[in-house]
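Peer 1: First, the structure itself, so that you have it in front of you.
The values are calculated or read from the model by the stated rules, or taken from the named source; none is laboratory data. Remember, it's a predicted structure, so these values are computed and weren't measured experimentally. As a convention, Cβ positions derive from the backbone with ideal geometry for all residues, glycine included, and neighbour counts pool all protein chains shown. In case anyone asks, the SASA skips ligands and DNA or RNA and just uses the protein heavy atoms, side chains included. Shrake-Rupley method; radii C 1.70, N 1.55, O 1.52, S 1.80 Å.
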Amino acid sequence: MAAPLAGLTVLAVEQYGAGPFGSMLLADLGAEVFKIENPREGGDVGRHVGPHFFGPGDSHFFHAFNRNKRSVALDLKHPEGRAAFRELARGADAVLDNLRGDQAERLGVTYEALKEVNPAIVCAHLSAYGREGSRKAWPGYDYLMQAEAGYLAVTGEPDGPPTRFGLSVVDMMTGLMAAFALVSGVLGARATGRGADMDVSLFDTALHNLTYLAAWHANAGYTQGREKRGAHPSLGPTQLYRTRDGWIFIMCNKQKFWPLLAERLGRPEWATDPRFADFAGRLAHRDELTVLMDEAFSARTTAEWLAILQGVVPAAPVLDVAQAMENPFVAERGAIADFARREGGAPVRMLRGPVRVNGALPPAVAAPAMGEATEEALRRAGFDEARIAALRAAGAIG
């Protein structure tokens, strides 16, 4: 079976994290993603994000967000660069950008700017605060969205300071949202012949992720705060517990798991104890139950408890990043691979994409060298050698 997005051509005007994450997911599934990079600015700023590098402009960070793509060194701030981009858009299905909200129009990457050369093109825009409204020209980043959308108020221990999520989760969720919007737009365009602008923002996505917490506040006036030990606000026991040598996370998010856990802890009487028999009772007596369960779990190591509970009661060890990468189950899943560079040289060891097609893992091609596909993309768009040379002489391409 061909990759699901084979035949989809995307021009990605992107840098850093959120946009590249979204277009990378499209590339994993077979889309041909041409990453547009400004040669006068050193390309995607992510190429220069340390502290770890394979060489100058070749950061580990950049590779983590740009596997399976091609690179076109094209300056959209140059009038001839914008003209060349229009020609590339003539043969593309979509554009994905993560520009500041007021920049897409200026650089000519909107549907209005491109519909004349390609009426079916879809322009997916990922901005900080949207392309309309009082904040459209504001710069913005993941951690700011976490702060303003309430994440820091529900993360960490109740007596601790506001705490951000340990990863750039808003960037990655918004990148995924942009990819979803782009594919949805292309599906509509192929049915109607008319493209569209599809807009997502870091702020809107961060706010949307509040889901049930937002519903609780909007309808019951309840404001969720931080819970001890990362506990679920209403279901349980769902939190961290101490073992003999560390921690274990238990998630009894269905009632059926509670008697199974009680039995395996050697405390079968807890299953029918009026204090703990149902979710409401366990929530009301959570502090008391935590003390009792810490005592029970402290009798064995985390590994011993996992051997007793695995596959029966939802449980997981608490690992650091190194331990997570070295987890035998990760190897079993084939989740880490050596990614070959198109230009040759030592491969890059990275995580594979998470989507499998008929059981097959996505391709493993390392992030591109800057501008490696510039001439190829322009030739496909009908540029001859003289026009390409003129663009290079004018400084519009690298």
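Peer 1: Suppose we filter segment 272-323 for residues that are of a type in the set (V, I, T) and buried (at least 17 other Cβ atoms within 10 Å of the Cβ); how many remain?
Peer 2: 3
Peer 1: State whether one or more residues within segment 136-151 are out of contact with any Leu (no Cβ under 7 Å at 6 or more places or on another chain) and of a type in the set (S, T, N, Q).
Peer 2: Taking every residue of segment 136-151 in turn, none turns out to be out of contact with any Leu (no Cβ under 7 Å at 6 or more places or on another chain) and of a type in the set (S, T, N, Q).
Peer 1: On to the next question. Can you tell me which residue among A178, A147, A231 is under 30 Å from E32 (Cβ atoms) and not assigned by the TED database to the domain that holds K256?
Peer 2: Among A178, A147, A231, only A178 is under 30 Å from E32 (Cβ atoms) and not assigned by the TED database to the domain that holds K256.
Peer 1: Just one of (1) open to solvent by less than 40 Å² (accessible area, probe 1.4 Å); (2) of a type in the set (F, W, Y); (3) touching a strand residue (DSSP E or B) at 6+ places or on another chain (Cβ under 7 Å) trips up F65, so point out which.
Peer 2: Answer for F65: the failing condition is (3).
Peer 1: So which of E385, E372, E376, E343 is modelled with pLDDT under 95 and outside the structural domain of R267 (by the TED database)?
Peer 2: One residue alone meets the criteria, E343.
Peer 1: Just to be sure before I move on: is E116 acidic (D, E), part of a helix (DSSP H, G or I) and out of contact with any Ser or Thr (no Cβ under 8 Å at 6 or more places or on another chain) in the structure I sent?
Peer 2: Answer is no for this residue.
Peer 1: I need a count of the residues in segment 346-398 that are open to solvent by less than 70 Å² (accessible area, probe 1.4 Å) and acidic (D, E).
Peer 2: 3
Peer 1: Among the residues of segment 318-336, is there at least one that is in contact (Cβ under 8 Å) with a residue 12 or more places away in the chain and touching a Pro at 6+ places or on another chain (Cβ under 6 Å)?
Peer 2: So far as segment 318-336 goes, no, none of its residues is in contact (Cβ under 8 Å) with a residue 12 or more places away in the chain and touching a Pro at 6+ places or on another chain (Cβ under 6 Å).
Peer 1: Another question, then. I need the full set of residues from segment 181-220 which are small (G, A, S) and touching a helix residue (DSSP H, G or I) at 6+ places or on another chain (Cβ under 8 Å), in order please.
Peer 2: Hits for segment 181-220 are G195, A196, S201, A206, A214.
Peer 1: If you go through segment 68-86, how many residues are under 30 Å from R349 (Cα atoms) and in contact with a helix residue (DSSP H, G or I) (Cβ under 6 Å, 6 or more places away or on another chain)?
Peer 2: The qualifying residues number 5.
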